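Beneath this line is the structure, given in structure tokens, with notes to follow.
The values are calculated or read from the model by the stated rules, or taken from the named source; none is laboratory data. Since the structure is predicted, the reported quantities are computational estimates derived from the model, not experimental observations. FYI the Cβ positions are ideal-geometry reconstructions off the backbone, even for glycines, and counts take in every protein chain you see. Only protein heavy atoms, including side chains, enter the accessible area calculation; ligands, DNA and RNA are left aside. Shrake-Rupley method; radii C 1.70, N 1.55, O 1.52, S 1.80 Å.
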Amino acid sequence: MRAQMLDNGDLRITQTFDYRLESRGTPWRQMFQQYTLSSDRLTTISDISVTDLTTGRTYTQDTVHSPGSYGDVGWDSTCAGRWYIADITQSESHPDPFDPELDALAATAVGEPAQTKDVEIGWNIPSTRSAKSMRIELAMPWHGVATAYDDVVALEWEPFSALNSTPAARVTGTFAFPKDISESNSWAWLHTGAASGTTRLDDGSLQFTVTDLPGGEYINVVVMAERQPTSAASREQAGRMKQRILEQERREARIASNARQREARGRLVIWLIPAGLALLLVVGR
């Protein structure tokens with residue numbers, strides 16, 4: 001996946017999913033991703049495109065169709081090759097229509113009460129019993145993501161939210177900054193409960209890898225860059241934020257490090273208990 005930060009504070013997102021579909025009782029027909037819109041960090045998603053990279057087919061937009069309401073022939077002729085976006089805030093099983101312009105959230109300042117909506121973007125594949133690989137590309141701009149402060153522009157990008165129940169064996173991603181932003185005047189952090197690693201590239205981009213991502217686990221990227229004369233984010237907020245964000249990330253890093261240490265000590269105790277019992281048994285003889 002790749003996120004390109006734009007001067008106006010939006011993100012141009014491209015995600016590629018490579019599915020391995022195991023045989024099951026019913027055919028595979030529908031894949032989806034779920035995202036949380038929030039008025040303080042993501043106001044809407046628009047101009048969506050879905051492409052089956054395995055076949056080269058470009059999907060067209062449609063409304064939501066229930067996979068269980070069709071046979072294979074009916075599904076393939078009526079629903080396959082189409083994508084949808086829906087509002088699932090009230091119900092995942094009975095989604096509401098979502099219009100990226102009419103239903104967009106009005107931007108609010110960070111720290112103020114935020115409005116939220118959960119949306120689902122899905123795509124209907126032909127009825128498939130199994131597949132070793134099926135590659136789907138989802139491309140879209142995210143709007144109203146960044147906030148411009150007096151000294152920096154900051155944002156959070158959550159490519160995988162806790163709403164998503166599908167596990168992933170490996171996730172790789174790149175976050176790219178606008179021109180004139182390099183590693184010397186930008187900062188980036190990756191947050192996830194799964195095993196992960198990060199690298200800053202020569203152009204300042206953040207490259208990350210997450211392995212064995214379980215369902216329900218999030219991936220969150222926090223980014224900050226010194227404000228440039230060309231910055232024109234739709235959300236502006238007075239005040240200087242650089243040191244506050246740096247301190248917050250240091251605190252979170254310490255908390256994560258302490259949690260890992262506690263987990264490691266817990267594993268050590270688990271290993272020591274059987275060893276202690278074995279020693280007692282030896283001494284008892």
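Answer with yes or no whether S130 is surrounded by fewer than 14 Cβ atoms within 10 Å (Cβ to Cβ), within 18 Å of D18 (Cβ to Cβ), more than 13 Å from the chain's Cα centre (by Cα) and not acidic (D, E). Talk me through it step by step, then tell me what you get.
Working: surrounded by fewer than 14 Cβ atoms within 10 Å (Cβ to Cβ): yes; within 18 Å of D18 (Cβ to Cβ): yes; more than 13 Å from the chain's Cα centre (by Cα): yes; not acidic (D, E): yes.
Considered against the rule, which asks whether it is surrounded by fewer than 14 Cβ atoms within 10 Å (Cβ to Cβ), within 18 Å of D18 (Cβ to Cβ), more than 13 Å from the chain's Cα centre (by Cα) and not acidic (D, E), S130 comes out as yes.
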Filtered residues of region 32-82 (kept if farther than 16 Å from P126 by Cα, surrounded by 14 or more Cβ atoms within 10 Å (Cβ to Cβ) and not hydroxyl-bearing (S, T, Y)):
Q33, Q34, L37, D40, R41, L42, I45, I48
Can you name the condition, by its number, that D151 falls short on among (1) crowded, with 21+ Cβ neighbours inside 10 Å; (2) of a type in the set (D, E, K, R); (3) in contact with a helix residue (DSSP H, G or I) (Cβ under 6 Å, 6 or more places away or on another chain)?
(1)
Taking region 193-209 and keeping only residues that are touching a strand residue (DSSP E or B) at 6+ places or on another chain (Cβ under 8 Å), surrounded by 15 or more Cβ atoms within 10 Å (Cβ to Cβ) and part of a loop (DSSP other than H, G, I, E, B), one is left with A194, G204, S205
Among the strands (runs of 3 or more DSSP E) lying completely within region 1-93, list those that include at least 2 residues that are hydroxyl-bearing (S, T, Y) and touching a residue at least 12 places away in the same chain (Cβ under 8 Å).
11-21, 28-38, 49-52
Which numbered condition trips up A114, out of (1) touching a strand residue (DSSP E or B) at 6+ places or on another chain (Cβ under 6 Å); (2) closer than 30 Å to M241 by Cα; (3) surrounded by 17 or more Cβ atoms within 10 Å (Cβ to Cβ)?
(3)
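Residue by residue through region 158-199, note down the ones that are hydroxyl-bearing (S, T, Y) and free of Cβ contacts under 8 Å to residues at least 24 places away in the same chain.
Start the filter on region 158-199 by keeping residues that are hydroxyl-bearing (S, T, Y), which leaves 161, 165-166, 172, 174, 182, 184, 186, 192, 196, 198-199.
Hits for region 158-199 are S182, S184, S196, T198, T199.
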Residue check, Q237 against (1) surrounded by 12 or more Cβ atoms within 10 Å (Cβ to Cβ); (2) closer than 30 Å to D18 by Cα; (3) polar (S, T, N, Q), all met but one. Which one?
(2)
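Counting only residues that are among the small types (G, A, S), at pLDDT 90 or above and over 18 Å from A154 (Cβ atoms), which one in region 165-192 is surrounded by the most Cβ atoms within 10 Å (Cβ to Cβ)?
The initial filter retains those residues of region 165-192 that are among the small types (G, A, S), namely 165, 168-169, 173, 176, 182, 184, 186, 188.
Next, from what is left, pick out any that are at pLDDT 90 or above: 168-169, 173, 176, 182, 184, 186, 188.
This time we only want the ones that are over 18 Å from A154 (Cβ atoms), so: 168-169, 173.
Values: A168: 18, A169: 10, G173: 20.
The selected residue is G173.
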Which condition number in (1) modelled with pLDDT under 95; (2) touching a strand residue (DSSP E or B) at 6+ places or on another chain (Cβ under 6 Å); (3) open to solvent by less than 40 Å² (accessible area, probe 1.4 Å) is the one that A86 fails?
(1)
Mind listing whichever residues of region 217-230 are open to solvent by 30 Å² or more (accessible area, probe 1.4 Å) and either aliphatic (A, V, I, L, M) or closer than 19 Å to K179 by Cα (or both)?
E226, R227, Q228, P229, T230
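Quickly run through region 94-103 and pick out the residues that are in contact (Cβ under 8 Å) with a residue 12 or more places away in the chain, part of a loop (DSSP other than H, G, I, E, B) and open to solvent by 40 Å² or more (accessible area, probe 1.4 Å).
P95, E101, D103
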